[in-house]
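Notes follow the structure.
Please treat every number below as a calculation from the coordinates, not as lab data. Just so it is clear, the model here is predicted, and its values are computed rather than measured. No Cβ is skipped: glycine too gets one built from the backbone with ideal geometry, and neighbour counts run over all protein chains shown.
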Amino acid sequence: MADLRGRVAWVTGAGSGIGEAGAVALAALGATVVLTGRRKQALEAVAERINASGGGVATVQAGDLTKAAAVGKIAEAIRAEHGRLDIVVNNAGISGGAGSVESTDVATWQRVQAVNSEGVFLGCKYAIQGMKRTGPGKPRSKGSIVNLSSVAGLQAGAGAIAYTASKGAVRLLSKSVALYCAEQKYDIRCNSVHPGGVDTPIFDPLWQMVGRDAGKAFLGARHPIGHMAAPHEIGEVILWLASDRSSFVTGAEIAADGGISTGLMRRQPFVAS
């Protein structure tokens, strides 16, 4: 097991789903975790759970992660309070719903890019600044940035164009950051994670329409592994990339997608029960 005691981690979109799972996994190995996002009440609930578990310590810094000033303020607050920043998980994201190139309106396109693509850019930008600067007497860390993309960032489809484009951007953004940090000799790694279907609140609208059990069975069957992921399964991938166990991995795209991106499968149509 990795030992993250003494490390400071910043996790965006940590109020539920993959962000929560990643924060819990990091804290379980001793990291101090700063939870960020817009939903302060949800963040505080996750922090309370982590602090009651006896692992690492969790604090909350709520803010709009699409605004450069807000992200910069959070990064500065982390450095001021903890004197260092070692791990950043850029997880915050939205779906944007289904929509083709013709049917997607400009407002939806811009909103999805602002959260999923620009938000990750801002997280990387201020993460690097925070990782480069440490408090008096604190050795500079070996940084790890983990950006959450999607299997949709590896394989395109005709629908959900805004989401697909935003997640594809995260994939190459992560590689660019990895190369830049290597060129600058910052000792900061950057990788992207590409989940398939994960049972998180992002699917709640679908469950309400078709039923949770039927929907999960249908989406699970589209994964060669035979089921959707639980959030903690993606959290473990985040944990590996954040820790020194992956010290030689940078610029990589980790497909935690149950095999979807491996190849084509015969897909059955959904039939509501």
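Here segment 107-204 is treated with +1 on each Lys and Arg Cβ and -1 on each Asp and Glu Cβ, and its dipole about the Cα centre works out to around 560 debye. Summarised as an ellipsoid, segment 134-219 has semi-axes of 36, 17, 9 Å, derived from the eigenvalues of the Cα gyration tensor scaled by 5 and square-rooted, with the largest first. In this Cβ point-charge picture (+1 for Lys and Arg, -1 for Asp and Glu), segment 17-108 has a dipole of about 220 debye about its Cα centre.
By the combined test of axial Cα extent (at least 24 Å) and Kyte-Doolittle hydropathy (mean at least 1.0), none of the DSSP H helices of the chain qualifies.
Using Stokes-Einstein with the Kirkwood hydrodynamic radius over Cα pairs, what translational diffusion coefficient do you get for segment 29-167 at 25 °C and a viscosity of 0.890 mPa s, in µm²/s rounded to a whole number? For these conditions, the coefficient is 150 µm²/s.
Across every pair of non-identical alpha carbons in segment 159-273, the mean reciprocal distance, once inverted, gives a Kirkwood radius of 16.0 Å. Summary of the geometry: segment 1-63 and segment 163-193, compared by the centres of their Cα atoms, lie 23 Å apart. A simple count of charges around HIS227, restricted to other residues whose Cβ falls under 11 Å of its Cβ and scoring Lys, Arg +1 and Asp, Glu -1, yields 0.
Volume per residue for segment 64-135 equals 79 cubic angstrom (convex hull of Cα atoms). Pairs of Lys residues in the chain are counted when their Cα atoms are under 17 angstrom apart and they lie 8 or more places apart or on different chains; the count is 13. Take the chain, connect every pair of alpha-carbon atoms lying under 10 Å apart with a spring to form a Gaussian network, then pick out the residue of GLY96, GLY159, GLY143 with the largest mean-square fluctuation. For the chain, modelled as a Gaussian network with Cα springs under 10 Å, the answer is GLY159.
Taking only DSSP H segments of four or more residues, each worth -39500 (n - 2.57), what value at 222 nm results for the chain once the sum is divided by all its residues, to the nearest 500 deg cm²/dmol? Helix contribution divided over all residues of the chain: -13000 deg cm²/dmol.
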